[in-house]
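The values are calculated or read from the model by the stated rules, or taken from the named source; none is laboratory data. Keep in mind that this is a model prediction, so the values were computed, not measured. Every residue, glycine as well, gets a Cβ built from its backbone with ideal geometry; the counts of neighbours run over all protein chains shown.
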Amino acid sequence: MGKDVIVACDFESAEKTVAFLSLFKGRKPFVKIGMELFYAEGPSIVREIKARGHRIFLDLKLHDIPNTVKKAMMVLRNLDVDMCNVHAGGGSAMMRGALEGLTRPDGTRPLLIAVTQLTSTDQETLENDLLIKMPMADVVSHYARKAKEAGLDGVVCSPLEAKDVHGNCGSSFLTVTPGVRFADGSAGDQKRIMTPADAKKAGSDYIVVGRPITAAADPVAAYERCVNDFVD
Ligand code: C5P
């Protein structure tokens, strides 16, 4: 698994998504399909983007009882995506169920990663809304260890926590990190952020970048800037 930039295609329609991806001409960025696009267009958008030659991270963040998540993953495993995810907060049995459901009869499966804490959550939200009275870094490390024990391939976390996660779970345990902003860009609703260059130094395996690319005046140039700062 090489380092890569994953572009969060948070659009409300297939039409807008395809128009956006067409800007990239011959390039085939790794694409993230999240709730907005998947709920608007359903599985057909996954097939369409796959047919255009992109790798796909299907970011639906499943979080339910183990049996429901397992059954949902048995459906998603037929979509031929490269990566999908659950919330680690659903617990170990749920993560094991997800892995079981995602594994095809021939033993193959997409990568499965777990969201530790959303990058829009800060220490205050963690303590006062979620009633988790512990430092964010410890909470993320604990959730990452639980995901590893359950057999998952990695976690979604902030680039600020990538080093700790690798320290606790090993360097081959993937860190997929949203909350990436250029130094001269706006944070929006993200609270735990880093630049692509700093995410590289912190050891992130993949950065997930949405608005800094999708809302840029020149999205292809913004993507190239991320690749130059993070990968090259
Ligand atoms: O536009 P922006 O760069 O903030 O997009 C980040 C993307 O990563 C969004 O699609 C968001 O849903 C997703 N994400 C996140 N934090 C997580 C998990 C996923 O921001 N912990």
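Let's see how each residue does on (1) of a type in the set (A, V, I, L, M, F, W, C); (2) in contact (Cβ under 8 Å) with a residue 12 or more places away in the chain:
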site	(1), (2)
L23	yes, yes
E36	no, yes
L60	yes, yes
K71	no, yes
V75	yes, no
V86	yes, yes
S92	no, yes
A98	yes, yes
R104	no, yes
- Task: Would you confirm whether any residue within the stretch 58-67 is part of a helix (DSSP H, G or I) and within 16 Å of the ligand (Cβ to nearest atom)?
- Result: no
- Query: What number of residues in the stretch 142-171 are of a type in the set (S, T, Y), within 16 Å of the chain's Cα centre (by Cα) and in a loop (DSSP other than H, G, I, E, B)?
  - Reply: 1
- Quickly run through the stretch 1-60 and pick out the residues that are β-branched (V, I, T) and either surrounded by fewer than 14 Cβ atoms within 10 Å (Cβ to Cβ) or under 12 Å from the mean Cα position of the chain (by Cα) (or both). V5, I6, V7, V31, I33, I56
- Message: If a residue must be assigned to a helix (DSSP H, G or I), in contact with a Ser or Thr (Cβ under 9 Å, 6 or more places away or on another chain) and over 19 Å from K148 (Cα atoms), how many such residues does the stretch 75-124 contain?
- Response: 1
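Name the one entry in T121, T175, T116 that is out of contact with any helix residue (DSSP H, G or I) (no Cβ under 7 Å at 6 or more places or on another chain) and surrounded by 15 or more Cβ atoms within 10 Å (Cβ to Cβ).
Details: T175 fails: out of contact with any helix residue (DSSP H, G or I) (no Cβ under 7 Å at 6 or more places or on another chain); T116 fails: out of contact with any helix residue (DSSP H, G or I) (no Cβ under 7 Å at 6 or more places or on another chain).
Only one candidate passes the filter, namely T121.
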- Residue selected from the stretch 172-190 under the condition under 16 Å from the mean Cα position of the chain (by Cα) and assigned to a loop (DSSP other than H, G, I, E, B), by the criterion modelled with the lowest pLDDT: Q190
- Being more than 10 Å from the ligand (Cβ to nearest atom), within 22 Å of L60 (Cβ to Cβ) and free of Cβ contacts under 8 Å to residues at least 40 places away in the same chain narrows T195, T108 down to just T108
- Of I207, I132, I213, which residue is part of a loop (DSSP other than H, G, I, E, B) and of a type in the set (A, V, I, L, M, F, W, C)? I132
